[in-house]
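To start, the structure under review is shown below, and the notes come after it.
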Amino acid sequence: MLTPLSSRRVYEGRIFDVTVDRVRLPHGREADLEIVRHDGSVVLLPIADDGRVLLVRQYRYAAERFLWELPAGSLEIGEDRDVAAARECQEELGLIADRLERLLTLYPTPGFCTETMTYYRATGLRTPGPDDPEAHQDDDESIEVSAFSVDDLRAMIASGEIADLKTVAGVQFLS
């Protein structure tokens, strides 16, 4: 692991920060690296009782289009990943997962970003009861939820209808 010789924050945001780190690389040269500092996120593979997978469709400003995606969200400061997965399931799908199985953690963009995405299989999905905590979508979200068979997901990937990389990766966990 490299220790930065110096680091300066050039942007501080709600979801991530950006630093420019001066480092000595393994071959001995020094370089300035621009790093997006992100606390991480969780990605859900919500599987309904009939075996279909729930996706969310939402407008992504950066992509300039609506995208079908696996439900996902950033960790809140100091939040445990398992807690975040349960929260995101309820916020984005309006459902409680009776079982959350941690699958794998991946780096989506390791060349410049510290974010890791932890995938969870969510099963035993049910509507919240009176004893469950309330959850609400984020202010910048307007989400449509729909269920798809695994074959439909693969066809949507092949046609380009699913263009979100975390979702493409997540479909690999499905049989």
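The values are calculated or read from the model by the stated rules, or taken from the named source; none is laboratory data. Because the structure is a prediction, the values reported are computed rather than measured. Every residue, glycine among them, receives a Cβ derived from its backbone with ideal geometry; neighbour counts consider all protein chains shown. Surface accessibility is based on the protein's heavy atoms, side chains included, excluding ligands, DNA and RNA. Shrake-Rupley method; radii C 1.70, N 1.55, O 1.52, S 1.80 Å.
Descriptive notes on the structure:
- Residue list for region 106-116, restricted to those being loosely packed, with under 14 Cβ neighbours inside 10 Å and of a type in the set (Val, Ile, Thr): THR109
- Across region 31-70, the qualifying residues are those that are among the hydroxyl-bearing types (Ser, Thr, Tyr) and in contact with a strand residue (DSSP E or B) (Cβ under 8 Å, 6 or more places away or on another chain), and the one among them that is surrounded by the most Cβ atoms within 10 Å (Cβ to Cβ) is SER41.
- Cross-chain or 6+ apart pairs with Cβ under 8 Å, region 24-42 first and of a type in the set (D, E, K, R), then assigned to a loop (DSSP other than H, G, I, E, B) and crowded, with 17+ Cβ neighbours inside 10 Å: ASP39/LEU75; ASP39/GLU115
- Beta carbons closer than 9 Å, at least 6 apart along the sequence or on distinct chains, pair a first residue in region 106-123 that is closer than 13 Å to ALA169 by Cβ and part of a strand (DSSP E or B) with a second that is among the polar types (S, T, N, Q) and open to solvent by 50 Å² or more (accessible area, probe 1.4 Å) for MET117/THR105; THR118/THR105; TYR119/THR105.
- Leading residue by the ranking (nearest to ILE35 (Cα to Cα)) among those in region 74-123 that are in contact with a His (Cβ under 8 Å, 6 or more places away or on another chain) and polar (S, T, N, Q): THR114
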